[in-house]
Amino acid sequence: MKTYQHIFFDLDHTLWDYDRNVTESLSELYQIYGLQELGIPTFEKFFASFHAVNFQLWDWYNVGKIDKYNLRKERFPRIFEHAGGNSEAIPAAFEEDFMHRTSSKPHVFPYSKEILTYLKQKYRIHVITNGFNESQAKKMKSANLDGYFELVVTSETTGFKKPDPRIFEYAIHQLQTQAEACLMIGDNPASDILGAQRANIDQVYFNPEGKVIDLQPTYEISHLQELEQLL
Ligand SMILES: [Mg+2]
């Protein structure tokens, strides 16, 4: 085991419970805007379409096929159409309301705060995220996570998205450290694990659902508490 000094955390799906927070806000929006009357028969249909379309758009964003502006502009029209609704009937404030509502939700993965408190006594801890500055800052504040991190590196600030090693190299440079002194913890093999490997940073794959992947992370955990054994 190397002597790490810096721990990098991914945010969405690693600490901040993206699925739970998004499900709550979509459910509120379905009710408030009367989406059934706009042709989307059930919340389940709306939710399934959100997932299908949103993941596709984020995949495109991650490989540079779409930018932030167009991702946000096209998201709900595509979701409405996917769900069989009338995309011309989407209220003007819908995307804005979704962003605000979602990033104001507080739910985090079990043991998030406990593990951050534990790690903060021994290491310097930071965030490396592919999200957008404003929404990631809001999420951390709403979930009371903002006090734990020294450096928050976003793809928006650096111009590089995980798995591009340059987003990790940016963090290493900012902290005036070396790859060997760093450890990346994240849930996404294609961005967190592959990206850290490309930057020669050891990785912890957070894998609560027991997915099988092709890459070989340095460590793997299914619950954040397991980090106490590792670190
Ligand atoms: Mg993630």
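For this structure, a couple of remarks:
- Taking the C-alpha atoms only, the angle from helix 18-32 to the longest principal axis of the chain is near 20 degrees.
- For the chain: accessible area per residue (Å², 1.4 Å): 48
- Relative contact order computed over region 122-224 (Cα-Cα under 8 Å; 6+ residues apart), in percent: 19
- Working from label points 7 Å from Cα in the Cα-to-Cβ sense, the Glu24 to Asn133 distance is 2.7 nm.
- Label-to-label distance for Glu88 and Lys211 is 3.9 nm, based on points extended 7 Å past Cα in the beta-carbon direction.
- Rounded to 5, percent antiparallel among DSSP beta bridges of the chain: 5
- For the set Arg75, Arg101, the ranking by accessible area, highest first and with no ligand, DNA or RNA atoms included, is Arg101, Arg75 under a 1.4 Å probe.
- Those residues of region 101-129 whose amide nitrogen sits under 15 Å from the label point placed on His223, 7 Å along Cα→Cβ: 109-115
- Region 29-86 versus region 169-231: alpha-carbon centroid distance in Å: 31
- Fraction of accessible area attributable to carbon and sulfur, the chain (%, probe 1.4 Å): 49
- Modelled this way, with points 7 Å down the Cα-to-C-beta line, the labels at Lys120 and Lys2 are 2.5 nm from one another.
- Relative contact order, percent, the chain [alpha-carbon distance under 8 Å, six or more residues apart]: 23
- Asp146-Ile32 FRET efficiency (beta carbon distance; Förster radius 30 Å; 0.05 resolution): 0.60
The values are calculated or read from the model by the stated rules, or taken from the named source; none is laboratory data. This is a predicted model, so every value here is computed, not measured. Glycine gets a Cβ as well: all are built from the backbone with ideal geometry, and neighbour counts include every protein chain shown. Keep in mind that these areas ignore ligands, DNA and RNA; they rest on the heavy atoms of the full protein, side chains included. Shrake-Rupley method; radii C 1.70, N 1.55, O 1.52, S 1.80 Å.
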